[in-house]
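S.K.: Pasting in a structure now, in structure tokens, and then I'll have a few things to ask.
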Amino acid sequence: MIARRIYLLLFHPRAEWDEIARETIGIDTLIRSYILPLSLIAPTATVIGMKNFDASWDPAAGYQVPPDAIFASGAATLFGSIGSIFLLAMIFRLIAPMYGSSRDFVAALKVATFGAIPVLLAGALLVIPALVIVSVVALCHTLYLYWLGVHHVLRVEPGAQAEFIGISITLLGGTSTLAGALASSIGLF
């Protein structure tokens with residue numbers, strides 16, 4: 001069921017968003033079945049890539065992270081991925097009334113979770129650092145999935161989808177930057 005959902009979101013997203021909008025999915029199911037397992041992909045690949053490529057680091061293809069900081073980097077990636085999905089869902093919920101939608105956190109979390117699937121899957125390619133460019137293609141598909149999802153699940157009007165996503169992603173970037181700066185200033189990173 002999970003693999004089928006991922007396949008359909010990647011290759012037939014319109015029909016799958018209609019299905020997602022109709023079904024009842026709890027937050028616990030989203031966390032256990034999608035958010036946590038998919039968020040583990042990038043940190044695992046990052047740690048493997050750093051362990052293998054740090055020995056002969058190359059500015060064009062490798063990482064420059066001290067060996068004692070590799071696992072911390074993986075943990076930061078994991079918590080950053082999970083936190084970003086929940087933060088984006090909160091942002092969707094916050095601005096939804098401005099676009100004629102209700103403040104339904106579960107619906108917002110469904111869009112944030114399922115829309116992030118391409119980027120989360122692309123995290124597997126971080127084993128080979130030079131493949132990070134594929135994440136840009138995955139990001140484009142993620143933005144497209146968000147664009148579809150906010151209409152099908154959150155009921156944002158068709159003409160307002162791009163603006164809704166643009167504002168949401170801008171708020172996510174700003175909030176993430178501030179959170180990272182705060183974490184760094186207190187010595188977490």
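Values quoted throughout were computed directly from the atomic coordinates according to the rules given, and no laboratory measurement underlies them. None of these values were measured; they are calculated from a predicted model. Note that we place each Cβ from the backbone using ideal geometry, even for glycine, and neighbour counts take in every protein chain shown.
S.K.: Once the Cα atoms of segment 88-133 are picked out, what are the Rg and Dmax in Å?
M.R.: In Å, with Rg to one decimal and Dmax whole: 14.7, 43.
S.K.: Could you state the angle between the C-alpha long axis of helix 2-11 and the longest principal axis of the C-alpha atoms of the chain, as a value from 0 to 90 degrees rounded to the nearest 10?
M.R.: 80 degrees
S.K.: Tell me, what ³J(HN,Hα) does each residue in segment 25-36 have, in order and in whole Hz, if you take phi through Karplus 6.51 cos²θ - 1.76 cosθ + 1.60 with θ = phi - 60° and put x for Gly and Pro?
M.R.: 10, x, 4, 4, 5, 4, 5, 5, 8, 10, 4, 5
S.K.: Counting only other residues whose beta carbon sits under 11 Å from that of Arg93, what net charge do I get with K and R as +1, D and E as -1?
M.R.: 0
S.K.: Can you tell me the 0 to 90 degree angle between the C-alpha axis of helix 134-152 and the longest principal axis of the chain, rounded to 10?
M.R.: 20 degrees
S.K.: Normalised radius of gyration for the chain, please: alpha carbon Rg relative to 2.2 N^0.38 Å, two decimal places. Working shown, then result.
M.R.: Details: Rg = 17.3 Å, N = 189, 2.2 N^0.38 = 16.1 Å.
Against the empirical 2.2 N^0.38 Å value, I get 1.07 for the chain.
S.K.: Right, something else. Can you tell me the 0 to 90 degree angle between the C-alpha axis of helix 41-53 and the longest principal axis of the chain, rounded to 10?
M.R.: In the chain, helix 41-53 runs at an angle near 20 degrees to the longest axis.
S.K.: Can you give the three extents of the C-alpha atoms in segment 135-181 along their principal axes, from longest to shortest, in whole Å?
M.R.: Cα extents, longest axis first: 35, 21, 15 Å.
S.K.: Let me ask something additional. How long is the gain from Ala179 to Ala15 if the chain were fully straight, where each residue apart is worth 0.36 nm and the alpha carbon distance is subtracted? Could the numbers behind the result be given before it?
M.R.: Numbers: separation 164, 0.36 × 164 = 59.04 nm, distance 3.60 nm.
Separation in residues times 0.36 nm, less the Cα-Cα distance, equals 55.4 nm.
S.K.: Suppose we keep just the alpha-carbon trace of segment 89-189; what are its Rg and Dmax in angstrom?
M.R.: 15.1, 44
S.K.: Could you work out the percent of alpha carbon pairs in segment 66-105 separated by over 12 Å, rounded to a whole number?
M.R.: Above the 12 Å cut-off, segment 66-105 has 64 percent of its Cα pairs.
S.K.: Sticking with this one: Averaging the inverse of every distinct alpha carbon separation and then flipping it gives the Kirkwood radius. What is it for segment 114-153, in angstrom units?
M.R.: Kirkwood hydrodynamic radius for segment 114-153: 10.3 Å.
S.K.: Figure the gain on full extension for Arg4 and Phe105 (residue separation times 0.36 nm, minus the Cα-Cα span) and round it to one decimal in nm.
M.R.: 33.9 nm
S.K.: Pulled fully out, how much extra length does the chain show between Leu36 and Val132, if you take 0.36 nm times their separation in residues and subtract their Cα-Cα distance?
M.R.: Numbers: separation 96, 0.36 × 96 = 34.56 nm, distance 2.12 nm.
Value of the extension gain: 32.4 nm.
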